[in-house]
Amino acid sequence: MIGDEIAREFGGHSAGRSIPVLLFIPSVDRYDNPVDQAFWRDEALTVLGKLYGGATALPPGRGSWWDSELGQLLHESIVVIFCMAQAGDVEDLELTGELVRFLRRMGREASQGEVGMVIDGGYIGFTNYVED
């Protein structure tokens, strides 16, 4: 891997194959009411930190999403949480199941139309918030 070569050449260290994981933290619910974004940001940082060793909350940006059930487009301020997870940890369905449980909880408690994550470049969305 190129990362291993660069680390070796310049005296750094490489953790092996890492997979990017991104979460999207909303500022409003599906009815355009504010949610406690700081709470959900910190919860996401805690979950990703425990599961995958760390995460970073990026500054708020603007986003929009189409709620097909309500037939409306919502605009909001979002926080993206970014994490570089070890491939083996992401492939561990017990660990990743904890992340999915967090997302479902956020979707349920923050009244979201959909919550999602990007793992290794692919988006996975959840609209079913039933607890396991």
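The values are calculated or read from the model by the stated rules, or taken from the named source; none is laboratory data. All values reported here derive from a predicted model rather than from experimental measurement. Neighbour counts are summed over all protein chains in view; Cβ atoms, including those assigned to glycine, are modelled from backbone coordinates with ideal geometry.
Going by what's in this entry, would R101 be described as of a type in the set (D, E, K, R), part of a strand (DSSP E or B) and farther than 14 Å from I19 by Cβ? Against the criterion (of a type in the set (D, E, K, R), part of a strand (DSSP E or B) and farther than 14 Å from I19 by Cβ), R101 does not qualify.
If you go through segment 46-102 and keep only what is small (G, A, S), free of Cβ contacts under 8 Å to residues at least 24 places away in the same chain and surrounded by 12 or more Cβ atoms within 10 Å (Cβ to Cβ), you end up with just G49. Among the residues of segment 47-91, those that are at pLDDT below 95, part of a loop (DSSP other than H, G, I, E, B) and on the phi < 0 side of the Ramachandran plot comprise P59, P60, S68, E69, L70.
For segment 104-124, which residues satisfy the criterion of being without any contact (Cβ under 8 Å) to a residue 24 or more places away in the chain, within 13 Å of the chain's Cα centre (by Cα) and either assigned to a helix (DSSP H, G or I) or under 17 Å from L74 (Cα atoms) (or both)? Write out each step before concluding.
Residues of segment 104-124 that are without any contact (Cβ under 8 Å) to a residue 24 or more places away in the chain, as a first pass: 107-109, 122-124.
Within this subset, residues satisfying the condition of being within 13 Å of the chain's Cα centre (by Cα) are 107, 122-124.
If the condition is that a residue be without any contact (Cβ under 8 Å) to a residue 24 or more places away in the chain, within 13 Å of the chain's Cα centre (by Cα) and either assigned to a helix (DSSP H, G or I) or under 17 Å from L74 (Cα atoms) (or both), then G107 is the only one that fits.
The one condition from (1) closer than 30 Å to A15 by Cα; (2) touching a residue at least 24 places away in the same chain (Cβ under 8 Å); (3) surrounded by 13 or more Cβ atoms within 10 Å (Cβ to Cβ) that D42 does not meet is (2).
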